[in-house]
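Notes to accompany the following structure.
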Amino acid sequence: MNRTWLITGASRGLGNGIARAALAAGHNLVLGARNLEALEPLATEAPARVLAVSLDVTDEVAVAAAVDQAVQRFGRLDVLVNNAGYGQLAPFEENSPSDAERQFGTNLFGVFNLCRAALPVMRKQRSGHIFNISSIAGVAGMGGAALYCASKFAVEGFSESLAQEVAGFGIKVTVVAPGGFRTDFLDASSASYGNLHLQDYAEFTARIRAGSAANNHRQKGDPLKLGEALVTLAASEQPPLHFAAGSDAFEIITGKLERMKAEVERWQALSFSTDSNF
């Protein structure tokens with residue numbers, strides 16, 4: 001079945017891989033990115049099925065315009081992929097309040113903006129599928145990425161709640177937790193580090209940066225294969241609410257669930273002691 005997809009952050013990385021997979025599967029695409037020129041290769045590959053739009057997900061006017069253009073061009077909007085985002089790294093204390101605001105502005109409020117614009121269209125259709133791209137860092141906290149983890153944990157909680165609210169309209173929600181994928185996520189063009197350098201964190205920060213540099217462009221994940229997986233999920237009658245993307249993501253998530261279960265069970269008696277006696 002031919003569907004219309006709107007993908008944010010489609011110029012590179014995961015968004016580009018998802019776009020290429022959806023295009024190969026025969027779908028119509030509305031591709032959003034701040035750098036419109038970077039979308040030209042995909043737009044020229046299938047001009048009848050691809051609409052490239054300049055899109056900053058923090059700009060509510062631009063977001064509404066992108067959704068309107070999707071409907072005007074293709075008549076409907078079936079799949080929304082909220083992929084745009086970046087990593088604000090370094091320990092929490094080395095990031096400023098403005099760093100936190102920018103991180104949440106893109107990674108969380110950008111998701112809100114797209115959902116706010118797309119949901120009326122999907123409700124009217126009584127169908128649709130929203131993919132919110134979270135991260136393994138949205139399931140398991142990671143030192144040196146407190147703000148990034150916080151923004152992605154919020155995406156996870158939002159997605160779980162939204163899924164319950166819109167299910168009655170035939171709209172499905174899947175929150176995707178990718179592990180390490182071979183993109184430029186850890187490059188200076190994507191990752192951002194706080195500028196409040198504190199001596200107490202110097203050794204820790206150096207270790208985090210060295211690990212990131214050593215792993216950069218050596219990750220297991222293939223963005224195109226992730227795209228193919230999302231195409232499969234979009235065609236499913238009963239897609240999952242949670243999708244772990246990559247063997248590393250699967251291992252981290254299942255490991256955390258096991259540890260968390262053991263921890264809460266260890267303190268079960270104290271937990272129950274807080275109940276009222278009447």
Exercise. Filtering the range 137-158 down to residues that are among the small types (Gly, Ala, Ser) and part of a loop (DSSP other than H, G, I, E, B), which residue is surrounded by the fewest Cβ atoms within 10 Å (Cβ to Cβ)?
Worked result: GLY143
Problem set entry | Check on VAL81, under 18 Å from GLY9 (Cα atoms), hydrophobic (A, V, I, L, M, F, W, C) and touching a residue at least 60 places away in the same chain (Cβ under 8 Å) | yes
Problem set entry | Given (1) within 21 Å of the chain's Cα centre (by Cα); (2) in contact (Cβ under 8 Å) with a residue 60 or more places away in the chain, number of the condition ARG76 does not satisfy | (1)
Exercise. Does the range 109-128 contain at least one residue that is in a loop (DSSP other than H, G, I, E, B) and surrounded by 24 or more Cβ atoms within 10 Å (Cβ to Cβ)?
Worked result: no
For this session: Please work out if GLU45 is of a type in the set (Asp, Glu), in contact with a Leu (Cβ under 9 Å, 6 or more places away or on another chain) and over 25 Å from ALA191 (Cβ atoms).
Result: yes
Exercise. Checking LEU55 against (1) in contact (Cβ under 8 Å) with a residue 60 or more places away in the chain; (2) within 18 Å of the chain's Cα centre (by Cα), which single condition isn't satisfied?
Worked result: (1)
Exercise. What residue, among those in the range 84-106 that are modelled with pLDDT of 95 or more and aliphatic (A, V, I, L, M), is surrounded by the fewest Cβ atoms within 10 Å (Cβ to Cβ)?
Worked result: ALA100
For this session: Check the range 256-271 and report whether any residue there is touching a residue at least 12 places away in the same chain (Cβ under 8 Å) and either over 30 Å from GLY26 (Cβ atoms) or out of contact with any Pro (no Cβ under 8 Å at 6 or more places or on another chain) (or both).
Result: yes
Exercise. Of all residues in the range 135-164, which are of a type in the set (A, V, I, L, M) and closer than 16 Å to GLY179 by Cα?
Worked result: ILE136, ALA137, VAL139, ALA140, MET142, ALA145, VAL155
Exercise. With (1) at pLDDT 95 or above; (2) over 23 Å from ALA52 (Cα atoms); (3) in contact with a Phe, Trp or Tyr (Cβ under 9 Å, 6 or more places away or on another chain) as the list, and VAL81 as the residue in question, which single condition is left unmet?
Worked result: (2)
Exercise. With the range 12-101 as the region, which helices (runs of 4 or more DSSP H) entirely inside it contain at least 2 residues that are charged (D, E, K, R)?
Worked result: 40-45, 60-74
Problem set entry | Single residue of the range 36-57 satisfying the filter (under 17 Å from ARG20 (Cβ atoms) and not hydrophobic (A, V, I, L, M, F, W, C)) that is surrounded by the most Cβ atoms within 10 Å (Cβ to Cβ) | ARG49
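Residue-by-condition table, conditions (1) closer than 17 Å to ASP99 by Cβ; (2) surrounded by 15 or more Cβ atoms within 10 Å (Cβ to Cβ); (3) modelled with pLDDT under 95:
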{"position": "GLU160", "(1), (2), (3)": "no, no, no"}
{"position": "ALA163", "(1), (2), (3)": "no, yes, no"}
{"position": "VAL166", "(1), (2), (3)": "no, yes, no"}
{"position": "VAL173", "(1), (2), (3)": "no, yes, no"}
{"position": "PRO178", "(1), (2), (3)": "no, yes, no"}
{"position": "THR183", "(1), (2), (3)": "no, yes, yes"}
{"position": "GLY194", "(1), (2), (3)": "yes, yes, yes"}
{"position": "HIS197", "(1), (2), (3)": "yes, no, yes"}
{"position": "LEU230", "(1), (2), (3)": "no, yes, no"}
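The values are calculated or read from the model by the stated rules, or taken from the named source; none is laboratory data. These numbers were taken from a predicted model, which means no experiment stands behind them. Counting neighbours? That spans all protein chains shown, and the Cβs are built from the backbone with ideal geometry, glycine included.
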